[in-house]
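The values are calculated or read from the model by the stated rules, or taken from the named source; none is laboratory data. None of these values were measured; they are calculated from a predicted model. Counting neighbours? That spans all protein chains shown, and the Cβs are built from the backbone with ideal geometry, glycine included.
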Amino acid sequence: MNGINNKPLEEIKLYTLPEVSKITGVAYRTLQNYVKDGKIKAVKIGNKWRVTEDNLRAFLNGTQQN
């Protein structure tokens, strides 16, 4: 079964906001605001926000589309 961008589901890397915070150096609370404002795309799974590797790269490259 294919997922995001036709990648097999097992190849889709998901990051939690604390992981994104460590990678980017952006504070967790700031990332929450970015998600709310649409500056970084994320999905809520259970009670945790998850960011795909593609969305993280787009955010880092400044190419995030709303």
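Please enumerate the residues belonging to the stretch 13-66 that are among the β-branched types (Val, Ile, Thr) and assigned to a helix (DSSP H, G or I). Please lay out each step first, then the result.
Taking the stretch 13-66 and keeping what is among the β-branched types (Val, Ile, Thr), we get 16, 20, 23-24, 26, 30, 35, 40, 43, 45, 51-52, 63.
Those that are among the β-branched types (Val, Ile, Thr) and assigned to a helix (DSSP H, G or I): 20, 23, 24, 30, 35.
For the stretch 1-12, which positions are surrounded by 13 or more Cβ atoms within 10 Å (Cβ to Cβ) and either at pLDDT below 75 or in a helix (DSSP H, G or I) (or both)?
Selection gives 4, 7.
Looking only at the stretch 29-66, which residues are closer than 19 Å to residue 13 by Cβ and exposed (fewer than 13 other Cβ atoms within 10 Å of the Cβ)?
Matches in the stretch 29-66: 44, 45, 46, 48, 57, 61, 63.
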